[in-house]
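A short worksheet on the structure shown next.
Where a number appears in this text, it was derived from the coordinates with a stated rule and is not lab data. Keep in mind it's a predicted model, so treat the numbers as computed, not measured. Because the Cβ atoms are built from the backbone with ideal geometry, glycine has one as well, and the counts that use them run over all protein chains shown.
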Amino acid sequence: MKLLLHLESYAVLLFCGDLIPTNIPALTIEEWKNVTEAIKISHKDGINSLFGLSYEGLTQVVGLSDALARKILKRETLMPTLFYALHNLEKEGIGVTTIYEDNYPAGLHVLKEEPPILYYVGDLSLIDGKMIAIGGRDHQDTSEKQLTTACMQKALIENRTLIIGDRDVDDYMRRYTLSHGGRVVEFVADHMVDIVKKRKRYFNKGTLTIICHRDPYGYNDDEAIKVRDLSLCALASAMFVTASAINSDLYATCVTNLHYHYTPLLVMKPSDMYDGNLRLLEMGGHLVTLSQLASDTMIDDLSTSESIEEGARPDQMSIFEFIEEDDHAA
């Protein structure tokens, strides 16, 4: 795979990316936004005009702070290392896109902090506006697995691509969907190169695309997982929730999704054991039943059902929504 990128993409890879192993810190997304805004104000010719600017040019012409200018100058010394790293990605068959490329997934632009860089293997055109996500517990009981399977069957009938993460439950969903002739986009956050090697046989079929917003050789952390999960919401046209518990990562992701209205939540009937679904319905999720999944009702039409309680909104939540009720009572 040949990497053909705009100059702006090389700039964001150099200044913000984590592809280069170095102690020189990358710019944060917020710092990068400040840089791009400063360049617009200074009427310079785009982000690529950063290359070759002196300290005086960065501070006096562009108007950057002393700290930000010195950070950029230090990162510029890493250019040869960046091209070596990109050469290694080419050899591994891993592609790169950024917010400056036409093939960057448009759905991610709705995120408050969209990942500026994506690494991928497979056909990015699988990422379309009709993908379906399914959230559930990693260790599912029989009834939960039945719900997950019903959601996948509904997506398969409607020829929808399934978008998943890299949790245990996602492994089941990927295997089921691909074995039944479906398509999968897998958004991972943990050592992408190893995952790609395990999935090689699917890339030639054009049924699987793997994307990652972190160094393909790197490992995940809490922030990487958070960005991955919110990206799933942003890219999906709807998200089924089979079972969730208050305090879980899934529940926190769903609450954020409801707050920012990334995608409709299609929430299965709450279980007495897992109270997260009930609360999500109260906050604006749409109740979905097994009988609806088995009917001719389209997935897009499921999100028009009424939520349990219109009055409760995610931004009205107290801190006690994220701790056990027994602790609150105590």
Of Lys130, Lys226, Lys74, the most mobile residue in a GNM of the chain (C-alpha springs, cutoff 10 Å) is Lys74
Given springs between every Cα pair under 10 Å in a Gaussian network model of the chain, which of Ser248, Ser237, Ser291 has the largest fluctuation? Ser291
Residues whose built amide H sits under 5 Å from the amide H of Gly135, excluding neighbours closer than 5 in sequence, are Phe240, Val241, Thr242
If you find the alpha carbon centre of the stretch 141-195 and of the stretch 101-115, how far apart are they in angstrom? 22
When a footprinting reagent is the concern and you count Cβ atoms within 10 Å, what order do Val267, Val110, Val196 take, fewest first? Val110, Val196, Val267
Determine the gain in length on full extension of the stretch Ile195-His6; use 0.36 nm per residue of separation and subtract their C-alpha separation, reporting nm with one decimal. 65.3 nm
Cα gyration tensor category, rounded, prolate or oblate, for the stretch 228-300 with a/c compared to 1.5: oblate
Kirkwood Rh, Cα atoms: Rg over Rh of the stretch 25-171: 1.11
Towards the positive end of the charge dipole of the chain, with charges on Cβ (+1 Lys, Arg; -1 Asp, Glu), say which of Pro216, Asn257, Gly107 has the farthest Cα. Pro216
Quick check: the angle from helix 7-16's long axis to the longest principal axis of the chain, C-alpha only, nearest 10 degrees? 80
Max mean-square fluctuation residue, GNM over the chain, Cα-Cα springs under 10 Å, options Ala245, Ala150, Ala67: Ala67
Once you order the gyration tensor axes a ≥ b ≥ c over the Cα atoms, which shape class does the stretch 87-173 get: rounded for a/c under 1.5, otherwise prolate or oblate by comparing a/b with b/c? prolate
Using label points projected 7 Å from each Cα along Cα→Cβ, tell me how many nm separate Lys44 and His261, to one decimal. 3.6
Efficiency of FRET from Cβ geometry, Glu30 and Thr289, R₀ 35 Å, rounded to 0.05: 0.25
Residue by residue through the stretch 140-150, the couplings from Karplus 6.51 cos²θ - 1.76 cosθ + 1.60 with θ = phi - 60°, in Hz, x for Gly and Pro, are 8, 7, 4, 5, 5, 5, 5, 5, 4, 5, 5
If you restrict to DSSP beta bridges whose two residues both lie in the chain, what percentage is antiparallel, to the nearest 5? 25
Restricting to Cα pairs below 8 Å that are 6+ residues apart, what does the relative contact order work out to for the stretch 7-92? Please round to a whole percent. 37
Matching label, Cα Rg over 2.2 N^0.38 Å computed from the structure shown, candidates [x] 1.02; [y] 1.09; [z] 0.93: [y]
Compute the length gained on full extension between Asp171 and Thr22: take 0.36 nm times their separation in residues and subtract their Cα-Cα distance, giving the result in nm to one decimal. 50.4 nm
Over the chain, calculate the relative contact order: mean separation of alpha carbon pairs under 8 Å at least 6 apart, over the residue count, as a percent. 15
Treating the beta-carbon of each Lys and Arg as +1 and of each Asp and Glu as -1, no other charges, what is the dipole magnitude of the stretch 163-242 about its Cα centre, to the nearest 20 debye? 600
